[in-house]
Structure formats: structure tokens, C-alpha cells
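Read through the structure below, which is laid out as C-alpha cells, and then see the notes.
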Amino acid sequence: MGVLALLLICLLQACGEAPDNVAAAQDTLPTVATFDAASSTYQDLQGRGLEIASFAGQRVFVNYWATWCAPCIHELPSLARAAEALADENTLFLLASDESPETIRQFVEERGFSGNFIKLNGFFGKHGIHAVPSSSLYDEQGQLLQSWGGAFEWDSPEMLEQIRSAGL
């Protein structure tokens, strides 16, 4: 019984609340490197192939997420608002999952989410993505500017400024 109580205490301690502000989250969630999205292939939800290189001339923000990931789902509305806030600043937002186009499409329709949802060809692990959500920002030539691990309120002033100032 004592061991069970100790395990329960450890579990509850590990499930503490997430930081309330972005600055605190940035201190606890390190910037991570991800795979080279510019050389990876994707599909739109109709099954047509696309490559990050095809968006040359724009900054491309790619968020890696999954339909089963609660933090991913939580940040989707803020990603849509951030995409809208940065639409006139030459920054394209793509939301990439390794699930089937049908699964992604059904999830998006059922939940009423908006955005540029795409499918990563292959599985996350094959491409060096070991945790979701994670996000990467690429410059106009497809070079990685910055990566983030974890969920954020992407439309907060702090995160919008990080996206705007990356690579400057």
C-alpha cells in the first residue's frame, strides 16, 4: 500500500500545471532541432504531393501535430490566429501530421478547425521528430531559422515577436 501511495504522489507531482505565461514556458521547454523539412515531402489532404521548397520566397512555419495529442489540439486555435496575424508578413503556416489524409480531414471537419493541414509522407520518427507538438520556422530559401518543442499560445505577443524576429 505504501508503494502504491508513493507512486500516486509521484504521478500527481509529474502532472503539475503548465506555466501560465510564455516566458516561463520558454525557460522550461528548450528549443529543439528537427529534421530538414525543406527536403521532406508532404501531401495536401487531396493526396497531391508538395514540398516546402515550392514555397520559396515565403517564410514557412511548420507545426507537427497529431489527432491523439491533447497539447497539439489545444494549440490549434492559437496557430490559426497566429497565421491570420502574420498573413500579411510573408509567413505561411502549415500543420503537418503523419496520419492519413482521411483521418486528418475527418478530425478537422468534426472539430471545425481551419488552416493549411497537410500530411507528412512517412512517420514522424522516420524524419527525426520524436515528440509532438513541435514547430519549425524556415526562411525564404528553406533554411531552418528556429525550432520549438511543446505547445504554446502562438498568437501571444511574445510568440508572434519570436516568429517575426527569428533569423534577424
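The values are calculated or read from the model by the stated rules, or taken from the named source; none is laboratory data. Just so it is clear, the model here is predicted, and its values are computed rather than measured. Heads up, the Cβs are rebuilt from the backbone with ideal geometry, glycines too, and the neighbour counts pull from every protein chain shown.
With respect to ALA151, determine if the residue is more than 21 Å from LEU45 (Cβ to Cβ) and more than 12 Å from the chain's Cα centre (by Cα). Talk me through it step by step, then tell me what you get.
Details: more than 21 Å from LEU45 (Cβ to Cβ): yes; more than 12 Å from the chain's Cα centre (by Cα): no.
Taking the combined requirement at face value, the residue does not satisfy it.
Go through the range 5-83 and tell me which strands (runs of 3 or more DSSP E), entirely inside it, have 1 or more residues that are at pLDDT below 95, among the charged types (D, E, K, R) and under 12 Å from the mean Cα position of the chain (by Cα).
It comes to none.
Taking the range 63-91 as the search range and keeping residues that are buried (at least 17 other Cβ atoms within 10 Å of the Cβ) and in contact with a Lys or Arg (Cβ under 9 Å, 6 or more places away or on another chain), which one is nearest to GLN146 (Cα to Cα)?
Top of the filtered list is THR91.
Can you name the residue in the range 85-100 that is small (Gly, Ala, Ser) and part of a helix (DSSP H, G or I) and is also modelled with the lowest pLDDT among such residues?
Applying the filter and picking the extreme gives ALA87.
Please go through (1) more than 19 Å from SER136 (Cβ to Cβ); (2) touching a residue at least 40 places away in the same chain (Cβ under 8 Å); (3) of a type outside the set (Asp, Glu) for LEU79 and return the number of the only condition it doesn't satisfy.
So LEU79 meets the others, but not (1).
Write out, first by first residue and then by second, each pair whose Cβ atoms fall under 7 Å of each other, whose residues are 6+ apart or on separate chains, and whose first residue, in the range 140-168, is in contact (Cβ under 8 Å) with a residue 40 or more places away in the chain and within 20 Å of ASP88 (Cβ to Cβ) while the second is among the hydroxyl-bearing types (Ser, Thr, Tyr) and surrounded by 18 or more Cβ atoms within 10 Å (Cβ to Cβ).
Filtered contacts from the range 140-168: LEU145/TYR138; ILE163/THR91.
Does LYS126 fit the bill of being basic (Lys, Arg) and farther than 16 Å from ASN63 by Cα?
Judged against the criteria, LYS126 is a match.
Of all residues being in contact with a Phe, Trp or Tyr (Cβ under 6 Å, 6 or more places away or on another chain) and hydrophobic (A, V, I, L, M, F, W, C) in the range 61-91, which is farthest from PRO157 (Cα to Cα)? Just the residue, please.
Selected residue: CYS72.
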